[in-house]
Structures are given as structure tokens and as C-alpha cells.
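Data first, discussion second: the structure below is written as C-alpha cells.
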Amino acid sequence: VAGIEETRSLMFDHYGVMWVGTDQGFRSFDGYHFRTYRSDAYSPGILPNNYVRTMTEDQHDRLWIGTRDGLACYNRRKGTFKTYHLRNERARLINTLFTASDGTVWAGTNAGASRYDAEKDDFIDIDLPNAVIAFAEDSHHHLYIGTWEGGLIRLDKQSGKMVHYARMNERNTASPLLIDSRGRLWVGTWEHGIVRLDHPENEADPGMHKINEGRRDFRTFHRLVEDSLSHAVWGCCIEGLTRVDFDN
């Protein structure tokens, strides 16, 4: 689709509808028509800011939209929007949104992580010294948190404790994150390639493998995706795409 908007995020909901976040609001595409959502003089209050950085769908047919200045919840059944501003000033910029298997919506910000509490209709803050930029969840429902220069953290489901992993490299930035079909955790880094943890549940000895470290290209990653047919991992990099075989 041609246009002058910068595309920041892309997702498909459980109906198969495509949602595109841009620097001028967000759009839906049902296979036939595009529909645009943004705040302006004719439709105020849709978004707290039209620069959409991230999106996620929850288990109640709602779409959560993270922007440069807060986040909005779009109730598709009612056709209504509600804005949420997290309390910390550094939390107004939403880096990433994630819906866990139990239905909890998580927001990653420059102030740490926040989770949505449905009973309070509010977000509960988890302060961290570094910005949170990625989430992933394993089959045991442990939540993995990727930070900017603060490394990798795991939120233990049963104990509620934050577990910090050993420093991966000099930059120690963990984003993006991918749990593959074997339960291994792939960590895309900034300027240091990919780190794969074969046993991510064991922070003392996670079975760390470093891929592409030391290269001058294909070392900064924006997204990791597993191919369900070949079971290779594809990485989106500054230079383009790279493919990593599971066992190579």
C-alpha cells in the first residue's frame, strides 16, 4: 500500500484482520477495505497520540494501542476508546505491548514494565532501572523481559521474583525475543548478533550460544520469527533478512 506514513507495527487479530500502526494513527484491513483511526478535530479522543508504536489484542476482543504519549484501549464490541497514561513520566512512551497466556496485558516503557489489572481498570507498575523493549512467554508461563542495556530478566510465575541473567555482551540489550517450538529462547541484540538460550529456565546455566557476534553486518536485530515449515529462524536486521537453521 503506497503512502507517506511511516509504518511502526503490524499484527493480525484472531479474525484475520490486519492492523497497521503508523506515525499518523493506525489502520485496519479486512481483505477488502482499509479503515483509518486517528485523533483529529473531527474525531478527538481516539488516541492520546497519533504516533502508534506497538499493538496487542487481549482475550476480550479489545485492541491495545501503544503510542508516544500513553496507550489506548479499543473495545471493538462497543466501538469505544479509552486512554491510559501510566503514572511515571518516563512511562508515557510505550515501547512494546504483550498479551500473556493468562490474558494479562503487559506494557514495556522507559520506566520498566506495567501490567493491566482488570478489577482496578488500571496498570500496576514494576519499576526497573532500564527501559523494557520486549516480552516473551514460555510453556511454563514464565515471562521473559528484554531491556535496553539492562540485559534479560525472567519473571517467575510461581514466586513472582525477578531473575536476572548473566551479561550477554558489552551492550547487553535484549530485543527482540522469541521462544521457538523447542522451548529455546532466541535473543536479538544491538550490534552483537543473536544469543540463543537452550535452557532459558535455568538462569545459572542456560546453555548460551552466540550467533553472528563479531561480524560487521547482520548483528543488530529488530524482529525474530520462526518458520513453522522449515523451523528456521528469520531475523529482520538493518541490512535486511538473515536466516538461521535450528541446529547450525
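Name every residue in the stretch 123-170 that is among the basic types (Lys, Arg) and over 20 Å from residue 109 (Cβ atoms), in order of residue number.
Filtering the stretch 123-170 down to residues among the basic types (Lys, Arg) leaves 154, 157, 161, 167.
Selection gives 157, 161, 167.
Going by what's in this entry, would residue 246 be described as modelled with pLDDT under 95, touching a Cys at 6+ places or on another chain (Cβ under 8 Å) and surrounded by 14 or more Cβ atoms within 10 Å (Cβ to Cβ)?
Working: modelled with pLDDT under 95: yes; touching a Cys at 6+ places or on another chain (Cβ under 8 Å): no; surrounded by 14 or more Cβ atoms within 10 Å (Cβ to Cβ): yes.
No, not satisfied.
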What's the number of the condition residue 107 fails, among (1) assigned to a loop (DSSP other than H, G, I, E, B); (2) in contact with a Leu (Cβ under 8 Å, 6 or more places away or on another chain)?
-> (1)
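Provide a single number: the residues in the stretch 1-33 that are of a type in the set (S, T, N, Q), open to solvent by 30 Å² or more (accessible area, probe 1.4 Å) and either closer than 19 Å to residue 81 by Cβ or modelled with pLDDT of 95 or more (or both). Write out each step before concluding.
Here is the first cut: in the stretch 1-33, the ones of a type in the set (S, T, N, Q) are 7, 9, 22, 24, 28.
From what is left, the residues that are open to solvent by 30 Å² or more (accessible area, probe 1.4 Å) are 7, 24.
In the following step, the residues that additionally are either closer than 19 Å to residue 81 by Cβ or modelled with pLDDT of 95 or more (or both) were identified as 24.
The number of residues fulfilling the criteria is 1.
Going residue by residue through the stretch 169-186, is there one that turns out to be more than 18 Å from residue 137 (Cβ to Cβ) and of a type in the set (Asp, Glu)?
Of the stretch 169-186, the ones more than 18 Å from residue 137 (Cβ to Cβ) are 169-173.
With of a type in the set (Asp, Glu) added as a condition, the list becomes 170.
Yes - at least one qualifying residue is present in the stretch 169-186.
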Can you pull out the residues in the stretch 211-235 that are within 18 Å of residue 174 (Cα to Cα), out of contact with any Ser or Thr (no Cβ under 8 Å at 6 or more places or on another chain) and open to solvent by less than 50 Å² (accessible area, probe 1.4 Å)?
-> 211, 224, 233
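When only residues in the stretch 34-82 that are in a strand (DSSP E or B) and farther than 23 Å from residue 115 by Cβ count, which is least open to solvent (accessible area, probe 1.4 Å)? Working first, answer last.
As a first pass, look at the stretch 34-82 and keep what is in a strand (DSSP E or B): 34-37, 52-57, 62-67, 70-75, 80-82.
Checking which are farther than 23 Å from residue 115 by Cβ leaves us with 34-37.
Working: 34: 82, 35: 139, 36: 62, 37: 17 Å².
Within the stretch 34-82, the match that is least open to solvent (accessible area, probe 1.4 Å) is 37.
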Counting only residues that are of a type in the set (D, E, K, R) and not in a strand (DSSP E or B), which one in the stretch 4-32 is nearest to residue 53 (Cα to Cα)?
-> 23
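The values are calculated or read from the model by the stated rules, or taken from the named source; none is laboratory data. All values derive from a computational prediction rather than experimental measurement. Ideal geometry is used to build each Cβ from the backbone, glycine not excepted, and the neighbour counts take in all protein chains shown. All accessible areas refer to the heavy atoms of the entire protein, side chains included, with ligands and DNA or RNA removed. Shrake-Rupley method; radii C 1.70, N 1.55, O 1.52, S 1.80 Å.
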